[in-house]
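Accompanying notes for the structure given below.
The values are calculated or read from the model by the stated rules, or taken from the named source; none is laboratory data. Note that the coordinates shown come from a computational prediction; the quantities given were computed from them, not determined experimentally. As a convention, Cβ positions derive from the backbone with ideal geometry for all residues, glycine included, and neighbour counts pool all protein chains shown.
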Amino acid sequence: MIKNKQQLPIPLSSSQILDMSFLENRARLLEIAAFIDRIERSADPDTGKADFRYKSFIEGVRLLLDDSAAVKTSRIQINFSDPTTEPIASAIKLKAHGAWSGETNEGY
């Protein structure tokens, strides 16, 4: 980000952002497409598509494409997050999945 004399951030132009980040994000998009293709071509695609992680991932893609969604990053992060507010008794046996399974953490 460029700064002016008062050291206030000046947003980059769209062209500057595209020049800096297009190729990197193009590669990420191709990696996402390959991930989805691998699930669809797997030996058991229905099992993969029923998995909570895949469902959360596809919902994240939908949110990314939602033109009406303000602050896409926040909405996608919330999509993957555990919405429960009660602390767990122990982290023993707790496994991070990167997406919320819909189950509570009771019993851990």
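I'd like to check something: does the stretch 90-97 contain any residue that is closer than 22 Å to ILE32 by Cα and of a type in the set (D, E, K, R)? Looking through the stretch 90-97, none of the residues is closer than 22 Å to ILE32 by Cα and of a type in the set (D, E, K, R). When the stretch 56-80 is limited to residues that are small (Gly, Ala, Ser) and at pLDDT below 90, the one that is surrounded by the most Cβ atoms within 10 Å (Cβ to Cβ) turns out to be ALA69.
What number of residues within the stretch 42-54 satisfy the criterion of being out of contact with any Gly (no Cβ under 7 Å at 6 or more places or on another chain) and exposed (fewer than 14 other Cβ atoms within 10 Å of the Cβ)? Count: 6.
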